[in-house]
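Sharing a structure, written as structure tokens. Questions coming.
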């Protein structure tokens, strides 16, 4: 019976695949697609039909793009020789690795992955009867999630480390692709009301939590804000609303204490059509990535609609900054050891012998391979994408970059290399002067924030803004603080050596106070910072005591306060985040619950009991009380009486005995 | 008002105003100490309210403001710091004057009338509380006005004042019961006037607060539910920090009932000594309220001179004095050890708050005992007689 049911199931599954694949040509309407590629699709879909019948037992309905690739490549020997190689299958996927040396032997590496989903029709749900959706390069896991939670824009950031903007210049992509330390999530959700939007937001956060193996599910109302002005919303007009009675809600939350680790990278790579097995993503290894000084994983999904047909655009960035000598040394000796005497470079102008050595500054020459930095080589190109994988190096003349294909080195004019085939590639980089790097772009505004005060019951926040440019900077300062920081906005003061007043700088303030256990403080300043000035804004806050169970394990470590977001709008568009803060709260004694309950109750009982006793009882003299107690009414008196009788009788007996 | 009384009131005004102007940083320091400031009475939260009101920000949508809207609106009409210091000094001087007037109400008082006022003026707890600009001063003023007018038989003013006190700090509403005993006649009128005044205050607050009732939770809800857990000298804070989550609602009800529990018994038992019952109720509230300060305790202690005839009967006067000294010396030290240095833990300060509660309880018990004794002696002290309750 069971085998019969199994067979029936497979037949149904097979039929589903046939209906699915025959409708593939309607669904697979990818814009910017070459005509030949379109043909290839059709043949591919025909191929899929035959291959699916073989592979279905293992993969079921999960006809992902890779299977399509495998199928089309594996069957080239079959008679349908409309195409020769896999290059003719093109999907809207683009990947590029950019390397940029930074001052002081640092190296910035940016892995960029862009992809687009297939078109889908507004109002047609995935769960509808006979609805069919084909996923090519767009991850299958995200699309139902976005549809279910009505998310029109999704932005997720995992960032860790410190970007040294003083020497490295601007953050990549004008700071729009990197969050504050920890996890940052914001989304534009379409809903009928704020409550519905929040409900969707929570289910989005919970789903992403599972998808990315991180604690995004810790996002609650306590951490969620509804920013009024926040950079991603600048192009709100282009955001589609599927149901005109709804409106869009921008919702944001950040988890500053979330560590970013290997388990977050793996799901990130799984979203890629190449799965980290070919193309530039084959370089990515958790050990190397998270060994860097600064790393950022970002995911942005946007919905773009045109005449009822919609499409998701997804951008994934994995970016990091290495210290090259350190990384290379780590590759040679995984366990750090002191430098051998023979390898020490001592300053010859100063005395040096076996016992003392004044080391020279680091050598400006360098020569290394990408495979040594990342521990792996690039395994071929992403063969399914519209564009082949690209590796670019953004270097000055003192650098030489070669690509190594089958032990042959090649170079190009613009230091950009296209990876075309599926053999291993490596990059050979050498320089005669590592300090000669591409001039970093100037930062429009430096912001640093710190905690002041020493007690665990109150403190202050001080934010220093420095405008190094010759132009007035217009910026928005967005801050979310947890409810246990009870801030006093009235204590806002400004220090400035240039004699500026608060009114000159703060153009506009948005303030939504926190509600205990329900809502964080939401503070937004519109600032106008004059050229070549620096100023400090500070305000005071009290720290609340939490309930026993609300403290996390290791409560004395403190609480991470998420970074503030500064969005510069003029003269250039730029976004930066301050570092996170560690707030220590006073803690109760965690071993005391029963003692406290007992001691407090005792004092209460003592006061109440004594007073009650005095008020309901009658006052009498002590003598009277004694005489009363000696009367036979009380139990004690009775006992005393009985005892006395026994004593007397026994004495009598004794006396009688003596008499005898 | 004779010269001595005038001197006392002037000294009160001068000491408060002088301390505020000569040591301007003292105010901030005291306002941050948990002994003199609580979330519902602190001056910085009042200032925040004034700031938010002036800048059209939401006043009671969460945040740190727990003062009633009319007080915030009243304070927002003052701009200069000195003027505000003068206002607090005047309020305190008025309390001192009212204490003197109260003493005059008792014709056969063994003490000169200026003594309770002088005790109030030199009481360091009251002085510091006033310098910290805690709003306790205003509710104390309303309570003493109510008590004085009740003693003088001015039923309307007494009921209006007790309504204002209740509006400012909620718990003084309970003092209406012993006040009715003082007034003896026009009881219904008193209740009606109090209720009407309170309703009017609440309604005008509703109007002032942009026609929103949300201030009710931020002001009175916070007091009843003890939702802002910040250390203070009361019995509530550590209990609710350490209590298991599921029992919290039950024990909040128990603690609130505990505040009410002794009001009716005191009023009934000492119906013949209504002034005395009033003070007992006041001290019971001071002992059991959710956000007590030393300002409340100091105000309470200034009534002790009125009971001069009872002093001989006090059994624990040494113990309670020592307990109060113990608290006032060790409480700042232990709090500093816990919060700033980290070399002590929360139990240190908790112990001090228990000692303070014990101190208040011994004073209360002593007062009750002494009154019962003098009742037994029918007004003629016979201290050598040993009595016991059975």
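Every read-out reported here was derived from the displayed coordinates using simple, explicitly stated rules and does not represent laboratory data. Predicted model, so just to flag it, every value in this text is computed and none were measured. Glycine gets a Cβ as well: all are built from the backbone with ideal geometry, and neighbour counts include every protein chain shown.
Other chains near A:507-516: what is the mean number of their Cβ atoms within 10 Å of each residue's Cβ?
4
Please compute, for peptide A:602-612, the average count of beta-carbon atoms on other protein chains lying within 10 Å of each residue's beta-carbon.
Rounded to a whole number, the mean comes out at 6.
On to the next question. Taking 0.36 nm per intervening residue step and subtracting the Cα-Cα distance, what contour gain separates residue A:621 from residue A:220 on full extension?
137.7 nm
Comparing B:121, B:22, B:368, which has the greatest mean-square fluctuation in the GNM of chain B with Cα pairs linked when under 10 Å apart?
Residue with maximal mean-square fluctuation among B:121, B:22, B:368: B:22.
At a 10 angstrom cut-off on C-beta neighbours, averaged per residue, how do the peptides A:292-303, B:285-296 rank from highest to lowest?
Ranking the peptides A:292-303, B:285-296 by packing returns B:285-296, A:292-303.
Anyone know which of B:31, B:210, B:366 comes out most mobile in the 10 Å Cα GNM of chain B?
Ranking B:31, B:210, B:366 by mean-square fluctuation puts B:210 first.
Counting other C-beta atoms within 10 Å, which of A:190, B:48 has the fewest, and how do the rest follow?
Values: A:190 22, B:48 26.
In increasing order of surrounding Cβ atoms, one gets A:190, B:48.
By its C-alpha gyration tensor, with a ≥ b ≥ c as the square roots of the eigenvalues, how is segment A:509-556 shaped: rounded for a/c under 1.5, else prolate for a/b larger than b/c, else oblate?
Prolate shape, in that a/c is at least 1.5 and a/b is the bigger ratio.
Follow-up question, since we're still on this one. Mind giving me the nanometre distance, one decimal, between the label points for residue B:192 and residue A:167, set 7 Å out from Cα along Cα→Cβ?
Distance between label points: 8.4 nm.
Provide the descending list of Cα extents for segment A:551-619 along its principal axes, expressed in whole angstroms.
87, 27, 11
Assuming a ≥ b ≥ c are the square roots of the Cα gyration tensor eigenvalues, decide whether segment A:446-587 counts as rounded (a/c under 1.5), prolate (otherwise, with a/b larger than b/c) or oblate. Provide the component values of the computation, followed by the final result.
Working: a/c = 2.17, a/b = 2.06, b/c = 1.05.
Prolate, because a/c is 1.5 or more and a/b exceeds b/c.
Which order do the peptides A:502-508, A:336-342 take when ranked by the mean count of other beta-carbon atoms within 10 Å per residue, highest first?
In descending order of packing, they fall as A:502-508, A:336-342.
How much FRET efficiency would the formula 1/(1 + (r/R0)^6) give for residue A:549 and residue B:261, where r is the Cβ-Cβ distance and R0 is 41 Å, rounded to 0.05?
0.90
How would you rank A:639, B:6, A:492, going from fewest to most other Cβ atoms within 10 Å of each one's own Cβ? Intermediate results must be reported in sequence, preceding the final value.
Numbers: A:639 10, B:6 13, A:492 19.
Neighbour counts put them in this order, fewest first: A:639, B:6, A:492.
Which value in nm describes the separation of the simple spin-label points at residue A:277 and residue B:199, placed 7 Å from the Cα toward the beta carbon?
Going from the residue A:277 label point to the residue B:199 one covers 7.9 nm.
Assuming a ≥ b ≥ c are the square roots of the Cα gyration tensor eigenvalues, decide whether the protein assembly as shown counts as rounded (a/c under 1.5), prolate (otherwise, with a/b larger than b/c) or oblate.
Prolate, since a/c reaches 1.5 and a/b exceeds b/c.
Right, another one. Given 10 Å bins starting at zero, what is the percent of C-alpha pairs of chain B in each, up to the one with the largest pair distance?
Reading upward from the zero bin: 5, 22, 34, 27, 10, 2, 0.
Here's a follow-up. Pulled fully out, how much extra length does the chain show between residue A:471 and residue A:493, if you take 0.36 nm times their separation in residues and subtract their Cα-Cα distance?
5.5 nm
Going by how many other Cβ atoms sit within 10 Å of their own, how do B:160, A:183 line up, fewest first?
Numbers: B:160 22, A:183 31.
If I rank by nearby Cβ atoms, fewest first, I get B:160, A:183.
Quick check on the protein assembly as shown: of the DSSP beta bridges with both residues there, what percent are antiparallel, nearest 5%?
For the protein assembly as shown, the DSSP antiparallel bridge percentage is about 95.
Further question on the same structure: Using the 2.2 N^0.38 Å rule of thumb for compact globular proteins, work out how segment A:381-463 stacks up: its C-alpha Rg over that value, please.
1.91
Now, a different point. Could you check which residue among B:360, B:243, B:176 shows the biggest mean-square fluctuation in a GNM of chain B with a 10 Å Cα cutoff?
In the Gaussian network model the winner is B:243.
Also: What relative contact order, as a whole-number percentage, does chain B give when Cα pairs under 8 Å and 6 or more residues apart are counted?
This gives 18 percent for chain B.
Ranked from highest to lowest mean number of other Cβ atoms within 10 Å per residue, what is the order of the peptides B:190-200, A:98-108?
So the peptides B:190-200, A:98-108, ranked by packing, come out A:98-108, B:190-200.
Modelling each spin label as a point 7 Å along the Cα-to-Cβ direction, I'd like the residue A:591/residue B:185 distance in nm, to one decimal.
6.6 nm
Can you compute the helix-only [θ] at 222 nm over chain B? Use -39500 (n - 2.57) per DSSP H run of at least 4 residues, normalise by all residues, nearest 500 deg cm²/dmol.
Per the formula, -21000 deg cm²/dmol.
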